[in-house]
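*Asks:* This is the structure I have questions about; it appears just below.
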Amino acid sequence: LEVADLAFGLEYLGAKAFAYCNQLKKVYIPATVTSISGNPFAGCTGVESFELDADSDNFVVVDGVLYDKSMYTLIYYPASLTAETFEIPETVHEIAEGAFAGAQLKSMVIPDRFAEIPANAFQRSALESITFHKGMTAIGDYAFEGCANLNNVNVLNSITKLGNYAFANCTSLSDFIFEEEAANGTSYSIGEHFFDGCTAMTQLILPNRISVIPNYMFANTGIVHAVIPARIIDVSTEGVFYNCTSLETITFETKLLNGSMLGAYYFYGCSKLKEITFPV
């Protein structure tokens with residue numbers, strides 16, 4: 001698909017409707033479109049011409065970026081734009097699902113008026129660094145999935161909800177910090193496959209504020225030696241170290257109680273694993 005010349009009369013565009021159509025070069029949105037639920041063109045790196053009908057009452061394009069008419073919501077940051085940084089306008093208080101997916105941006109500062117990063121927000125983008133702010137509470141599913149250049153991530157203690165695959169397949173990610181000591185004592189809620197495919201991650205990173213490791217959290221990572229701390233008393237989740245082909249040793253610090261079950265696929269594919277230690 002090279003041209004998305006949408007017909008007059010179309011009223012609704014769904015999130016990721018044309019996502020990752022890599023040959024797409026030209027896009028036209030008619031004035032009859034009144035609702036866009038998220039970035040319809042996420043990851044379309046080849047878009048050379050993006051045009052919004054001049055009579056549109058619901059949306060506006062500024063410097064190539066699509067917003068709602070009031071510029072409260074940033075809907076679509078074209079992946080074809082070559083800028084390495086972008087300052088979100090002060091009027092913008094939210095970004096749509098997948099808004100920066102595939103973007104060539106290398107760094108981004110999230111303003112303090114944002115409470116969360118939505119699903120797919122920066123998926124497969126060129127980000128190398130991201131700066132959060134105190135007060136953020138959530139990072140959505142797949143928010144940074146596939147950001148192959150991303151490293152040095154610091155998750156602040158105000159962020160309590162982290163979605164499925166949030167940092168999966170970030171193949172340069174080796175320096176990741178969960179900030180501890182939440183003021184309200186809230187535990188982290190971490191989604192499945194959180195670090196799945198982070199091949200540069202060679203050490204186990206577990207925040208003190210979790211008691212159960214999510215399914216497939218460290219699958220396909222480069223971890224060599226792992227220690228499961230005493231606070232992890234439930235090991236029934238699935239595939240925690242699935243296909244960790246570099247894993248050699250693992251130590252459980254808690255004596256598992258009678259009836260405890262090790263989750264399915266827990267060490268599946270760990271071809272170098274030679275030592276598992278349980279306390280006496």
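The values are calculated or read from the model by the stated rules, or taken from the named source; none is laboratory data. All figures in this text were calculated on a predicted structure; none of them were measured in a lab. Reconstructed Cβ throughout: ideal geometry from the backbone, glycine too, with neighbour counts over all protein chains shown. Please note that ligands, DNA and RNA were not included when accessible areas were found on the heavy atoms of the full protein model with its side chains. Shrake-Rupley method; radii C 1.70, N 1.55, O 1.52, S 1.80 Å.
*Asks:* Tell me, yes or no, whether segment 216-225 has at least one residue that is under 25 Å from the mean Cα position of the chain (by Cα) and open to solvent by 50 Å² or more (accessible area, probe 1.4 Å).
*Replies:* No; the residues of segment 216-225 include none that is under 25 Å from the mean Cα position of the chain (by Cα) and open to solvent by 50 Å² or more (accessible area, probe 1.4 Å).
*Asks:* I've got another one for you. All but one of (1) more than 22 Å from Leu156 (Cα to Cα); (2) in a loop (DSSP other than H, G, I, E, B); (3) over 25 Å from the mean Cα position of the chain (by Cα) hold for Arg231, so report the exception by its number.
*Replies:* Here Arg231 clears every test but (1).
*Asks:* Being polar (S, T, N, Q) and within 22 Å of Leu173 (Cβ to Cβ): is that true of Ser129 here?
*Replies:* Against the criterion (polar (S, T, N, Q) and within 22 Å of Leu173 (Cβ to Cβ)), Ser129 qualifies.
*Asks:* Here's something else I'd like to know. Among the residues of segment 263-274, which ones are more than 20 Å from Met201 (Cα to Cα) and exposed (fewer than 15 other Cβ atoms within 10 Å of the Cβ)?
*Replies:* Ala264 - this is the single residue of segment 263-274 that is more than 20 Å from Met201 (Cα to Cα) and exposed (fewer than 15 other Cβ atoms within 10 Å of the Cβ).
*Asks:* Going through segment 201-224 one residue at a time, which ones are modelled with pLDDT of 95 or more and not in a loop (DSSP other than H, G, I, E, B)?
*Replies:* none
*Asks:* Would you pick out the residues in segment 111-120 that are on the phi < 0 side of the Ramachandran plot and in a loop (DSSP other than H, G, I, E, B)?
*Replies:* Of everything in segment 111-120, those that are on the phi < 0 side of the Ramachandran plot and in a loop (DSSP other than H, G, I, E, B) turn out to be Pro111, Asp112, Arg113, Phe114, Ala115, Pro118, Ala119.
*Asks:* With the checklist (1) in a loop (DSSP other than H, G, I, E, B); (2) buried (at least 18 other Cβ atoms within 10 Å of the Cβ); (3) not small (Gly, Ala, Ser) in hand, flag the one item Ile250 doesn't pass.
*Replies:* (1)
*Asks:* Identify the single condition in (1) at pLDDT 95 or above; (2) more than 13 Å from the chain's Cα centre (by Cα); (3) acidic (Asp, Glu) that Glu192 does not satisfy, given that it satisfies every other one.
*Replies:* Looking at each condition in turn, Glu192 falls short on (2).
*Asks:* Taking Val235 as meeting all but one of (1) open to solvent by 10 Å² or more (accessible area, probe 1.4 Å); (2) over 14 Å from Met201 (Cα atoms), write down the number of the exception.
*Replies:* Among (1) open to solvent by 10 Å² or more (accessible area, probe 1.4 Å); (2) over 14 Å from Met201 (Cα atoms), Val235 violates only (1).
*Asks:* Can you tell me which condition Leu173 does not meet? The list is (1) at pLDDT below 95; (2) in a loop (DSSP other than H, G, I, E, B); (3) in contact with a Leu (Cβ under 8 Å, 6 or more places away or on another chain), and all the others hold.
*Replies:* (1)
*Asks:* Can you work out which of the residues in segment 133-169 that are aromatic (Phe, Trp, Tyr) and open to solvent by less than 40 Å² (accessible area, probe 1.4 Å) is farthest from Ala96 (Cα to Cα)?
*Replies:* Filtering segment 133-169 for residues that are aromatic (Phe, Trp, Tyr) and open to solvent by less than 40 Å² (accessible area, probe 1.4 Å), the one farthest from Ala96 (Cα to Cα) comes out as Phe167.
*Asks:* Can we say Asp196 is open to solvent by less than 30 Å² (accessible area, probe 1.4 Å) and not hydroxyl-bearing (Ser, Thr, Tyr)?
*Replies:* Against the criterion (open to solvent by less than 30 Å² (accessible area, probe 1.4 Å) and not hydroxyl-bearing (Ser, Thr, Tyr)), Asp196 qualifies.
*Asks:* Please pick out the residue among Arg113, Arg124 that is in contact with a His (Cβ under 9 Å, 6 or more places away or on another chain) and either of a type in the set (Phe, Trp, Tyr) or open to solvent by 20 Å² or more (accessible area, probe 1.4 Å) (or both).
*Replies:* Matching residue, one of Arg113, Arg124: Arg113.
*Asks:* Any residue at all in segment 155-162 that's touching a residue at least 12 places away in the same chain (Cβ under 8 Å) and in contact with a Cys (Cβ under 8 Å, 6 or more places away or on another chain)?
*Replies:* No, the conditions are met nowhere in segment 155-162.
*Asks:* Scan Val92, Val65, Val60 and give me the residue that is in contact with a Phe, Trp or Tyr (Cβ under 6 Å, 6 or more places away or on another chain) and under 22 Å from Phe132 (Cβ atoms).
*Replies:* Val65
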